[in-house]
Amino acid sequence: RKRPDKHTLTGFINHLTSTGRPEGVVHLLFVILPELRLIDHPATTGEALPAVKMRRDQALRRAVKHGPYVYAALINALSKAGQVGLAERVFLLGQQAERASCIPEYAEGTPPWRLTVHAYTSLMQCYANIAHRRHTAHRETNHSLGSALLNPRVRWKPKAHHHRKGYAQ
């Protein structure tokens with residue numbers, strides 16, 4: 001079974017978003033972007049995600065091949081669906097893929113790219129909507145980085161150990 005290319009995928013995500021059905025992207029997110037399971041985020045504390053079958057390097061190579069417009073479209077759809085935690089996870093994966101795309105010969109046939117301003121703007125709009133309490137789904141759940149860090153009962157610690165070095169220590 002052949003997977004859709006990045007242009008078809010971007011068009012499909014934008015179609016769902018512009019027709020008022022961004023929740024459809026939420027239901028398909030881990031099918032569209034299985035690499036998202038690599039991201040360590042407080043929104044996963046209550047979830048039991050299936051084990052990732054692919055190696056991290058292989059998953060990151062696939063994430064690079066998606067390109068910046070897929071990430072911008074996904075973040076926009078998740079923002080409009082009120083899914084802050086998922087939007088943040090997609091953004092973090094997009095940033096990792098962006099950095100990896102600048103490594104020569106990392107993902108063959110894919111030129112280096114940068115996340116578009118649309119990805120950053122969509123994430124900021126998502127935060128603004130939550131701050132103004134425009135999304136009812138967010139009030140019912142506790143799945144965003146902001147609400148997880150503000151809630152004293154949530155004790156999330158990153159799995160990565162790079163946060164213990166230097167100034168962050």
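No value in this document is a laboratory result; all are computed from the given coordinates. Remember, it's a predicted structure, so these values are computed and weren't measured experimentally. So basically every Cβ, Gly included, is an ideal-geometry build from the backbone, and we count neighbours across all protein chains shown.
Below, the figures for the structure above:
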| quantity | calculated |
| --- | --- |
| Candidates per trypsin sites (Lys or Arg not before Pro) in the range 85-127, loop by DSSP, up to 16 other Cβ within 10 Å | 114 |
| Two-site label geometry, residue 38 and residue 2: point separation in nm, points 7 Å out along Cα→Cβ | 2.6 |
| Net charge of Cβ neighbours under 10 Å - reference residue 81; Lys, Arg +1; Asp, Glu -1 | +1 |
| Charge dipole magnitude, Cβ of K and R +1, D and E -1 - the range 53-120, Cα centre, debye nearest 20 | 220 |
| DSSP-assigned coil residues among GluC sites (Glu not before Pro) in the range 77-130, each with at most 12 further Cβ atoms within 10 Å | 105, 108 |
| Nitroxide proxy distance, nm - points 7 Å out along Cα→Cβ at residue 92 and residue 58 | 2.3 |
